[in-house]
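Input: a single structure, listed below in structure tokens.
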Amino acid sequence: MNSQLDGFEIHKKDTNENTFQLTFKQSSPTLIHSVLKTNLINGYTDETYSTITLTAHSVKTLKEYQEDYKKQHGKHSLLVTDAAKAIRSLVKQLSYLITNEKHTILGYNPEYIVVINDKTFVFLCSELVVPFIENTETVLLCNPFSPLDFYFSPEIRRIQKIPVFIHYKTSYFSFACVILYLLLGNNDFYINAMNNAMKDDESILTSVDNHPVKHTKIYWLLSRCLVEPYKNRTILLI
């Protein structure tokens, strides 16, 4: 996927120390809280909430992580056990946003995922972290987006005009898509779904019918995230 949204930059502050800095084009206290207050990132921010300074052995974009992963395993697609690591950290971040900040992630794009120490996955795109409308479970979508900006849920795919109110569980569908991307190593399932107007979740899940993830807890997590109607989606790994 490609996107024109604002992202982040990774800098190593000192070549002799494991100190990195994440710099954001857009200040976002909510996004930064979601990774610092959950201890997904061991670090601190500045008073403008435009940087995170952290200590780590490695900080990689997802693309860099996949390249290193391919050298080790011979493929970009993650093993089920490694995908489970991504699920745990991304769910922790999203759950914090929903429960503590009353925000959700409008949609996920692999380009905005950073991997810390090859085990912690965090999403870092402030433009896609949006607040709930007060006393509701909805968010307001008032800017046009492209299917290249993030994985569209069916309800976003069906939008004909904006502004429009979207249920916060749109994030669950998009989250499941990014996990499928990690498991498969490509976006073919999403491209096919978009071409077929995302008729249902089953058309996406068939992409892993012959994958080792089938019949695992992760598969059933994905199926619960992809259901229609959106209010029936859950993100529990049981």
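The values are calculated or read from the model by the stated rules, or taken from the named source; none is laboratory data. Model, not experiment: these values are computed from the prediction. As a convention, Cβ positions derive from the backbone with ideal geometry for all residues, glycine included, and neighbour counts pool all protein chains shown.
Kindly indicate the residue of the stretch 29-41 that is among the polar types (S, T, N, Q) and surrounded by 15 or more Cβ atoms within 10 Å (Cβ to Cβ) and also nearest to His103 (Cα to Cα) among those meeting that condition.
So the residue we want is Thr30.
Criterion first (touching a helix residue (DSSP H, G or I) at 6+ places or on another chain (Cβ under 9 Å), among the β-branched types (Val, Ile, Thr) and either surrounded by fewer than 14 Cβ atoms within 10 Å (Cβ to Cβ) or more than 22 Å from Asn186 (Cβ to Cβ) (or both)) does Val91 satisfy it?
Values: touching a helix residue (DSSP H, G or I) at 6+ places or on another chain (Cβ under 9 Å): yes; among the β-branched types (Val, Ile, Thr): yes; either surrounded by fewer than 14 Cβ atoms within 10 Å (Cβ to Cβ) or more than 22 Å from Asn186 (Cβ to Cβ) (or both): yes.
Judged against the criteria, Val91 is a match.
Which of (1) in a helix (DSSP H, G or I); (2) surrounded by 20 or more Cβ atoms within 10 Å (Cβ to Cβ) does Glu155 not meet, given it meets every other one?
Just one mismatch for Glu155, condition (2).
Count, please, the residues in the stretch 53-81 that happen to be of a type in the set (D, E, K, R) and crowded, with 18+ Cβ neighbours inside 10 Å.
Count: 1.
If we keep just the residues of the stretch 138-184 that are under 29 Å from Val208 (Cβ atoms) and of a type in the set (D, E, K, R), which is farthest from the chain's Cα centre (by Cα)?
Applying the filter and picking the extreme gives Arg158.
Can you name the residue in the stretch 213-238 that is under 19 Å from Ile105 (Cα atoms) and basic (Lys, Arg) and, of all such residues, is surrounded by the most Cβ atoms within 10 Å (Cβ to Cβ)?
Applying the filter and picking the extreme gives Arg233.
For Ser203, all conditions in the list (1) part of a loop (DSSP other than H, G, I, E, B); (2) without any contact (Cβ under 8 Å) to a residue 12 or more places away in the chain hold save one; what is the number of the exception?
With (1) part of a loop (DSSP other than H, G, I, E, B); (2) without any contact (Cβ under 8 Å) to a residue 12 or more places away in the chain applied to Ser203, the lone miss is (1).
Conditions: (1) among the β-branched types (Val, Ile, Thr); (2) surrounded by fewer than 17 Cβ atoms within 10 Å (Cβ to Cβ); (3) closer than 23 Å to Tyr112 by Cα; (4) touching a Leu at 6+ places or on another chain (Cβ under 6 Å). Val164 meets all but one. Number of the miss?
The single condition Val164 does not satisfy is (3).
How many of the residues making up the stretch 210-226 are part of a loop (DSSP other than H, G, I, E, B) and either in contact with a Phe, Trp or Tyr (Cβ under 9 Å, 6 or more places away or on another chain) or of a type in the set (Lys, Arg) (or both)?
Residues flagged as part of a loop (DSSP other than H, G, I, E, B) and either in contact with a Phe, Trp or Tyr (Cβ under 9 Å, 6 or more places away or on another chain) or of a type in the set (Lys, Arg) (or both) within the stretch 210-226 amount to 4.
Just to check your reading of the model, which residue among Gln4, Gln26 is exposed (fewer than 14 other Cβ atoms within 10 Å of the Cβ), of a type in the set (S, T, N, Q) and at pLDDT below 95? First the steps, then the outcome.
Numbers: Gln26 fails: exposed (fewer than 14 other Cβ atoms within 10 Å of the Cβ).
Unique residue meeting the criteria: Gln4.
Being under 18 Å from the mean Cα position of the chain (by Cα) and either in a helix (DSSP H, G or I) or polar (S, T, N, Q) (or both) is the filter here; which residues of the stretch 227-238 pass it?
Tyr230, Thr234
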